[in-house]
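The structure appears below as structure tokens.
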Amino acid sequence: MDIKIFTPAPDLPPPFESAGVIGWLKDNLFSSKTNGLFTLIAIAFLWKTLPPMISWAVIDATWSLTPGNVSTDKTGACWTFIFVKFRVLMLGLYPENLIWRPVLAFLVFGTLCLATVFRLLKTRILILAWLFLPLPVFFLINGGMGLPLVEQSLWGGLMLSTGLAVVGIIWSIPIGILLALGRRSSLPVVKAMSIATIECIRGVPLITILFMASVMLPIFLPQDMNINNLLRVQIGIILFSSAYIAEVVRGGLQAIHPGQTEAADSLGLKSWLVTWLVVLPQALRHVIPSLIGRCVALFKDTSLVIIVGLLDFLGMIKASVQDPEWLGYDAEAYVFCALVYWVICFSMSQYGKSIERRNQW
Amino acid sequence: MADSPMIKIKDLNKWYANFHVLKNINLSVQKGEIIVICGPSGSGKSTLIRCINRIETHQKGSIHVMGTELTPKIKNISAVRRDVGMVFQNFDLFPHMTVLENLVLAPCWLLKLPRKQAEKKAMTLLERVQIQSQAHKMPGQLSGGQQQRVAIARALCMDPKIMLFDEPTSALDPEMVKEVLDVIKQLARDGMTMICVTHEMGFARQVANRIIFMDGGEIVEENAPSEFFTHPQWDRTQKFLSQILD
């Protein structure tokens with residue numbers, strides 16, 4: 001009997017028009033008439049706007065670090081303004097001779113960020129570091145324990161914004177989770193109190209909370225009880241953010257099938273262990289995108305502290321623009337401000353995406 | 001004490017709001033007995049076995065599990081649940097943990113076993129359900145039959161004295177039913193006390209000591225398999241069997 005021998009057909013390259021650059025263009029930019037039209041409109045728009053923007057920001061711009069040789073005949077941006085104001089924008093009115101302290105704090109904090117993003121340490125150590133490092137960093141900036149005190153009214157700039165945001169995030173996530181669990185509790189009192197807290201805080205704009213914390217609270221508190229302004233504002237931010245995070249987390253908790261709890265119960269696990277080991281990890285995984293969204297929002301919301309007299313990054317930008325020696329640099333100031341906010345917020349959302357990818361199952 | 005039943009249920013009644021799900025259930029299960037509960041859907045079979053480890057609470061009557069009565073005031077429900085393993089229709093493995101982590105969770109947290117020791121035990125159990133090669137996969141990567149076998153191994157991790165199966169094969173493709181039933185049969189041969197809610201009549205005929213037929217929240221008929229299939233006492237049982245057997 002004859003057996004036919006099977007030889008696989010040779011692999012051929014794909015047709016010219018469906019591969020490489022041309023294939024990509026066809027699939028993505030010109031897949032239909034409408035798509036093609038939009039592509040052309042977008043190209044025309046960029047053609048008109050991009051070159052002037054680049055020439056203003058880069059080519060025609062002044063890049064000298066010191067104001068000495070600033071020539072006024074350039075048509076582009078004058079970044080010298082940013083360089084000159086840089087210290088104030090970052091640190092506010094923090095005394096110049098003590099500047100090593102906030103710089104060291106930024107370095108510590110930056111290292112921790114890098115260690116978190118690149119997972120250089122175990123998760124458990126990272127969480128502990130985030131929980132406990134803010135305290136020594138606070139003393140480093142504030143003084144005390146041998147270091148000369150720096151009054152908090154002198155703090156400001158990006159240092160104040162990131163400080164408020166980091167402490168806000170670290171505290172409001174656990175408080176938010178507790179509120180969310182409380183809202184689903186079977187104990188009526190706990191449940192009612194959680195709902196009341198969440199709904200009261202969510203019903204009020206952040207500005208109002210900050211105003212209450214800063215202006216009204218001292219009126220109601222006894223005379224000798226003196227909580228400083230910054231702390232009150234920080235507590236206001238934490239409360240506001242945790243109410244929103246509670247609702248985000250509650251959404252995640254509701255997405256968990258009751259069978260999960262029953263299965264864990266049937267193994268004999270105590271109910272707090274069931275929540276901690278089985279329900280919460282899954283619920284939090286579901287809500288990473290909106291949780292990161294809340295953190296980004298919190299960071300941007302810190303710019304509202306200007307209404308209670310604290311000069312955060314945006315506040316310092318505004319103040320610098322009004323410096324009589326440096327009038328007329330609004331565009332540079334706000335472009336720089338937007339860029340810094342964007343870089344930080346974009347990094348946060350990219351980090352969020354990376355945790356999502358890591359926790360797929 | 002040696003002859004006292006593992007499970008003793010007396011005049012059990014349960015309501016969901018106004019709906020009377022379980023009516024005057026009396027049942028006692030001896031050590032090593034294998035009970036199969038069958039009946040049309042909505043007859044209260046699942047509710048009954050879920051009452052035995054108090055995932056559902058009852059309103060009237062009493063349930064004793066290995067001498068402990070299940071009451072609203074019970075202090076140590078988790079000790080009872082440790083002795084009663086349960087396998088669910090939809091497996092309900094924890095999707096965010098590997099197969100091995102699913103198995104060691106309860107021993108590590110409840111018995112405070114060292115991780116290494118718990119893993120060793122888990123591997124023996126996985127071997128017993130013939131799935132040891134999948135130990136480091138996530139549950140989502142396994143087939144339904146494999147997941148259900150893992151769920152059985154997870155329930156066995158706490159060395160339960162009683163196993164409850166709530167329709168363990170009804171969410172499975174037909175070709176996977178056998179691999180799961182084989183594991184349960186093996187357990188039956190090893191002398192485990194168990195109650196199994198199932199529609200697999202061939203399995204019931206082979207392994208059960210007693211078959212219980214429920215309808216409308218009541219136990220209609222209770223008999224040895226040989227009698228149950230050949231001489232059903234009630235017309236309702238007869239009708240059910242004629243529908244399910246051909």
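Mind counting the residues in the stretch A:261-275 that are more than 7 Å from chain B (Cβ to nearest Cβ) and surrounded by 24 or more Cβ atoms within 10 Å (Cβ to Cβ)? Here the count works out to 0. Note on the stretch B:108-123: residues that are surrounded by 14 or more Cβ atoms within 10 Å (Cβ to Cβ) and more than 12 Å from chain A (Cβ to nearest Cβ) amount to 6.
Okay, residues lined up against (1) over 28 Å from the mean Cα position of the chain (by Cα); (2) more than 23 Å from A:Ser303 (Cα to Cα):
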site	(1), (2)
A:Ile54	no, yes
A:Thr62	yes, yes
A:Arg101	no, yes
A:Val108	no, yes
A:Arg124	no, yes
A:Phe138	no, no
A:Leu149	yes, yes
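Residue-by-condition table, conditions (1) closer than 14 Å to A:Val88 by Cβ; (2) in contact (Cβ under 8 Å) with a residue 60 or more places away in the chain; (3) of a type in the set (Gly, Ala, Ser):
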position: A:Ile307; (1), (2), (3): no, yes, no
position: A:Leu314; (1), (2), (3): yes, yes, no
position: A:Gln322; (1), (2), (3): yes, no, no
position: A:Val343; (1), (2), (3): no, no, no
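For the stretch B:192-222, the set of residues classified as free of Cβ contacts under 8 Å to residues at least 24 places away in the same chain and surrounded by 18 or more Cβ atoms within 10 Å (Cβ to Cβ) consists of B:Glu221 only.
The set of residues in the stretch A:298-343 that are of a type in the set (Val, Ile, Thr), over 14 Å from A:Lys85 (Cβ atoms) and touching a Phe, Trp or Tyr at 6+ places or on another chain (Cβ under 9 Å) comprises A:Thr302, A:Ile307, A:Val308. Of everything in the stretch A:220-261 that is among the polar types (S, T, N, Q) and part of a loop (DSSP other than H, G, I, E, B), the residue that is modelled with the lowest pLDDT is A:Asn226.
If you take the residues in the stretch B:124-152 that are away from every other protein chain (no Cβ under 11 Å) and closer than 15 Å to B:Met97 by Cα, which one is farthest from the chain's Cα centre (by Cα)?
Residues of the stretch B:124-152 that are away from every other protein chain (no Cβ under 11 Å), as a first pass: B:124-136, B:142-150, B:152.
Remaining after also requiring closer than 15 Å to B:Met97 by Cα: B:134-136, B:142, B:147, B:150.
Numbers: B:Gln134: 24, B:Ala135: 23, B:His136: 26, B:Leu142: 22, B:Gln147: 16, B:Val150: 14 Å.
Ranking the candidates gives B:His136 first.
Search the stretch A:109-141 for residues being surrounded by 14 or more Cβ atoms within 10 Å (Cβ to Cβ) and β-branched (Val, Ile, Thr), and hand back the single one that is farthest from A:Trp171 (Cα to Cα). Among those residues, the one meeting the criterion is A:Ile141.
Output the residues belonging to the stretch A:97-121 that are basic (Lys, Arg) and modelled with pLDDT of 90 or more.
Just the residues of the stretch A:97-121 that are basic (Lys, Arg), to begin with: A:101, A:119.
Scanning the stretch A:97-121 gives a single hit, A:Arg101.
I need the full set of residues from the stretch B:81-104 which are part of a helix (DSSP H, G or I) and more than 8 Å from chain A (Cβ to nearest Cβ), in order please. Break it down stepwise before answering.
Within the stretch B:81-104, the subset part of a helix (DSSP H, G or I) is B:81-83, B:99-104.
If the condition is that a residue be part of a helix (DSSP H, G or I) and more than 8 Å from chain A (Cβ to nearest Cβ), then B:Asp83, B:Val99, B:Leu100, B:Glu101, B:Asn102, B:Leu103, B:Val104 are the ones that fit.
Just the residues that are on the phi < 0 side of the Ramachandran plot and within 14 Å of chain A (Cβ to nearest Cβ), please, taken from the stretch B:30-60. Step through it out loud before you land on a result.
First, the residues of the stretch B:30-60 that are on the phi < 0 side of the Ramachandran plot: B:30-31, B:33-38, B:40-41, B:43, B:45-53, B:55-60.
Matches in the stretch B:30-60: B:Ser46, B:Thr47, B:Ile49, B:Arg50, B:Cys51, B:Ile52, B:Asn53, B:Ile55, B:Glu56, B:Thr57.
Apart from one condition, A:Tyr94 fits all of (1) surrounded by 14 or more Cβ atoms within 10 Å (Cβ to Cβ); (2) of a type in the set (Ser, Thr, Tyr); (3) more than 27 Å from the chain's Cα centre (by Cα); the exception is (3). When residues in the stretch A:340-361 are screened for being within 16 Å of A:Met159 (Cα to Cα) and either among the aliphatic types (A, V, I, L, M) or within 14 Å of chain B (Cβ to nearest Cβ) (or both), 3 of them pass.
Looking only at residues of the stretch A:1-43 that are of a type in the set (Phe, Trp, Tyr) and part of a loop (DSSP other than H, G, I, E, B), we find that the one that is nearest to the chain's Cα centre (by Cα) is A:Phe30.
If only one of A:Ile201, A:Ile177, A:Ile207 is out of contact with any strand residue (DSSP E or B) (no Cβ under 7 Å at 6 or more places or on another chain), crowded, with 20+ Cβ neighbours inside 10 Å and touching a residue at least 24 places away in the same chain (Cβ under 8 Å), which one is it? Talk me through it step by step, then tell me what you get.
Values: A:Ile201 fails: crowded, with 20+ Cβ neighbours inside 10 Å; A:Ile207 fails: crowded, with 20+ Cβ neighbours inside 10 Å.
None of the others qualify; the one that does is A:Ile177.
Which of the residues that make up the stretch B:65-76 are of a type outside the set (Gly, Ala, Ser) and surrounded by fewer than 18 Cβ atoms within 10 Å (Cβ to Cβ)? Of everything in the stretch B:65-76, those that are of a type outside the set (Gly, Ala, Ser) and surrounded by fewer than 18 Cβ atoms within 10 Å (Cβ to Cβ) turn out to be B:Met66, B:Thr68, B:Glu69, B:Thr71, B:Pro72, B:Lys73, B:Ile74, B:Lys75, B:Asn76. For the stretch B:154-167: of the residues being in contact with an Asp or Glu (Cβ under 9 Å, 6 or more places away or on another chain) and buried (at least 18 other Cβ atoms within 10 Å of the Cβ), which is farthest from the other protein chains (Cβ to nearest Cβ)? Within the stretch B:154-167, the match that is farthest from the other protein chains (Cβ to nearest Cβ) is B:Ile162.
What strands (runs of 3 or more DSSP E), lying completely within the stretch B:10-79, carry at least 2 residues that are over 26 Å from B:Leu187 (Cα atoms) and either touching a Leu at 6+ places or on another chain (Cβ under 9 Å) or touching a residue at least 24 places away in the same chain (Cβ under 8 Å) (or both)? Write out each step before concluding.
Details: elements: B:19-29, B:34-38, B:60-65.
Counting at least 2 such residues, we get B:19-29, B:60-65.
Within the stretch A:32-57, the set of residues being among the hydroxyl-bearing types (Ser, Thr, Tyr) and surrounded by fewer than 10 Cβ atoms within 10 Å (Cβ to Cβ) comprises A:Ser32, A:Thr34.
The values are calculated or read from the model by the stated rules, or taken from the named source; none is laboratory data. These figures come from a predicted structure and were not determined experimentally. Heads up, the Cβs are rebuilt from the backbone with ideal geometry, glycines too, and the neighbour counts pull from every protein chain shown.
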